[in-house]
Amino acid sequence: MCPKIRGIDLFCGAGGVTHGFRMAGVQMALGVDSNPRMKSTYEKNNKTPFLCADIQKLTVEKIVEFSKIKKTDMLVLSSCAPCQPFSLQNNKSNKEHDTRKNLGFETIRIIDELMKTGFSMASVFIENVPGFEKTDIWEDIEKSLLRLGFSLRAAVVNFANYGIPQNRKRFICLAHMGYSFFRFPAETHGVGRLPHKTVRQAFEGLSKIKAGQECEKTPNHKTRGLSPLNLTRISHVPKNGGSRASFPAELVLKCHKDFKGHGNVYGRMKSDKPSPTVTTRCISITNGRFGHPTEDRAISLREAARLQTFPDQFVFHGQNLQANSTMIGNAVPVEIARIFGQYIKKHIFSGQVLKK
């Protein structure tokens, strides 16, 4: 009898990885996150138990209790630890004092303890921001995975090259127990391949709405309201990629008059290009190029979710707009998880590992 392939999603958030892995046929056993507000969204959309726990205190006994995993299962573990300590948006002093930067080591501890207890680790999926691969922390994690018997591939990739309608560069590591060499799933979009997917394609079929409105027929298709002044400002930004450089003098903010940086603030997305990276503040025109390509507003929660490739039936249950925006911006795009999950299941578990 073939062993079951079962997944554990550490730092699961709303469940982008869980949802994608489930679509790929991986039986997800458990999601773990320290934020209790993720529970409703995670469990309602993923049909997978959620354990609210501090990973530094998480034990194998607690994992087994909540997940019901068995020692005959082949385990796939996802670890997408908080990226803020390594983000370029975070200043140096904050990085040095951010205790979250060491959470990745807890993944190694859990893998080690699972193996010592007799569970079969098969694959590990790790995602973080570019720059993580240059840290001493990653160097130590890499050495630990090799010591435990894993072979691995790691690189910074642009998710747009996998058909995500968003330029989102992320560090990915795929580790597998025992194989000496394997490649990442092949990129499918970009130069010489399929055209990149666009904002226009992502937003297709969504109703037009105004700032501060909600469309009742599509879950989470809701926008942040704008002040009369900001409504006037966004109306002066040219459609499809315009910026605040087009503001008349009387609309220019004082902080921008002698400052040329942060040029994406108040900017619009381009309809026929992938979007910029979706962040936790992606529904605000004052936090990046998050203006709708043609409508005078920021993008809606559902539009942001579509850029992250969440299906429309995946409903976010945060307490407010910003809570939902944070869930969406922090997630791994569902389609990326599906592609890598399918690769793990089809190629690695069937022994069809690509040779050098």
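So the values come out like this:
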{"quantity": "Selection within region 249-271 - outside any loop (DSSP other than H, G, I, E, B) and either of a type in the set (Phe, Trp, Tyr) or without any contact (Cβ under 8 Å) to a residue 12 or more places away in the chain (or both)", "calculated": "Ala249, Glu250, Lys254, Cys255, Lys257"}
{"quantity": "Of all residues making up region 271-286, the number that are over 20 Å from Ile209 (Cβ atoms) and out of contact with any strand residue (DSSP E or B) (no Cβ under 9 Å at 6 or more places or on another chain)", "calculated": "4"}
{"quantity": "Some residue of region 225-232 being in contact with a strand residue (DSSP E or B) (Cβ under 8 Å, 6 or more places away or on another chain), at pLDDT 95 or above, β-branched (Val, Ile, Thr) and not in a loop (DSSP other than H, G, I, E, B)", "calculated": "no"}
{"quantity": "The one condition in (1) surrounded by 19 or more Cβ atoms within 10 Å (Cβ to Cβ); (2) farther than 16 Å from Val334 by Cα that Lys197 fails to fulfil", "calculated": "(2)"}
{"quantity": "Pairs, first part of a helix (DSSP H, G or I) in region 66-94, second at pLDDT below 55 and of a type in the set (Asp, Glu), C-beta under 8 Å, six or more apart", "calculated": "Gln84/Asp98; Pro85/Asp98"}
{"quantity": "Qualifying residue in region 238-248 (condition: among the aliphatic types (A, V, I, L, M), outside any loop (DSSP other than H, G, I, E, B) and surrounded by fewer than 23 Cβ atoms within 10 Å (Cβ to Cβ))", "calculated": "yes"}
{"quantity": "Whichever residue in region 293-320 is more than 26 Å from Ile339 (Cβ to Cβ) and touching a strand residue (DSSP E or B) at 6+ places or on another chain (Cβ under 7 Å) and, among such residues, is surrounded by the most Cβ atoms within 10 Å (Cβ to Cβ)", "calculated": "Ala298"}
{"quantity": "Only one of Thr286, Thr326 that is more than 21 Å from His189 (Cα to Cα), of a type in the set (Ser, Thr, Tyr), touching a residue at least 24 places away in the same chain (Cβ under 8 Å) and surrounded by fewer than 18 Cβ atoms within 10 Å (Cβ to Cβ)", "calculated": "Thr286"}
{"quantity": "Enumeration of residues in region 161-187 that are in contact with a helix residue (DSSP H, G or I) (Cβ under 6 Å, 6 or more places away or on another chain), assigned to a loop (DSSP other than H, G, I, E, B) and polar (S, T, N, Q)", "calculated": "Asn167"}
{"quantity": "Options Leu58, Leu103, Leu75, Leu88: the member that is under 25 Å from Leu174 (Cβ atoms), modelled with pLDDT under 95, among the aliphatic types (A, V, I, L, M) and surrounded by 18 or more Cβ atoms within 10 Å (Cβ to Cβ)", "calculated": "Leu103"}
{"quantity": "Sole residue being under 15 Å from the mean Cα position of the chain (by Cα) and in contact (Cβ under 8 Å) with a residue 12 or more places away in the chain, chosen from Ile141, Ile126, Ile137", "calculated": "Ile126"}
{"quantity": "Residue in region 153-164 that is without any contact (Cβ under 8 Å) to a residue 40 or more places away in the chain and either touching a Leu at 6+ places or on another chain (Cβ under 8 Å) or over 23 Å from Arg338 (Cα atoms) (or both) present", "calculated": "yes"}
{"quantity": "Test: residue in region 134-157 that is over 17 Å from Val76 (Cα atoms), among the charged types (D, E, K, R) and in a loop (DSSP other than H, G, I, E, B)", "calculated": "no"}
{"quantity": "Some residue of region 200-208 being over 24 Å from Ala331 (Cα atoms), assigned to a loop (DSSP other than H, G, I, E, B) and in contact with an Asp or Glu (Cβ under 7 Å, 6 or more places away or on another chain)", "calculated": "yes"}
{"quantity": "Qualifying residues in region 250-262 (those that are over 24 Å from the mean Cα position of the chain (by Cα) and not hydrophobic (A, V, I, L, M, F, W, C)) - the one modelled with the highest pLDDT", "calculated": "Glu250"}
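To keep it simple, each residue is scored yes or no on (1) more than 23 Å from the chain's Cα centre (by Cα); (2) surrounded by 12 or more Cβ atoms within 10 Å (Cβ to Cβ); (3) of a type in the set (Gly, Ala, Ser).
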{"site": "Phe150", "(1), (2), (3)": "yes, yes, no"}
{"site": "Asn161", "(1), (2), (3)": "no, yes, no"}
{"site": "Arg168", "(1), (2), (3)": "no, yes, no"}
{"site": "Phe171", "(1), (2), (3)": "no, yes, no"}
{"site": "Ala186", "(1), (2), (3)": "no, no, yes"}
{"site": "Ala211", "(1), (2), (3)": "yes, yes, yes"}
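The values are calculated or read from the model by the stated rules, or taken from the named source; none is laboratory data. All values derive from a computational prediction rather than experimental measurement. As a convention, Cβ positions derive from the backbone with ideal geometry for all residues, glycine included, and neighbour counts pool all protein chains shown.
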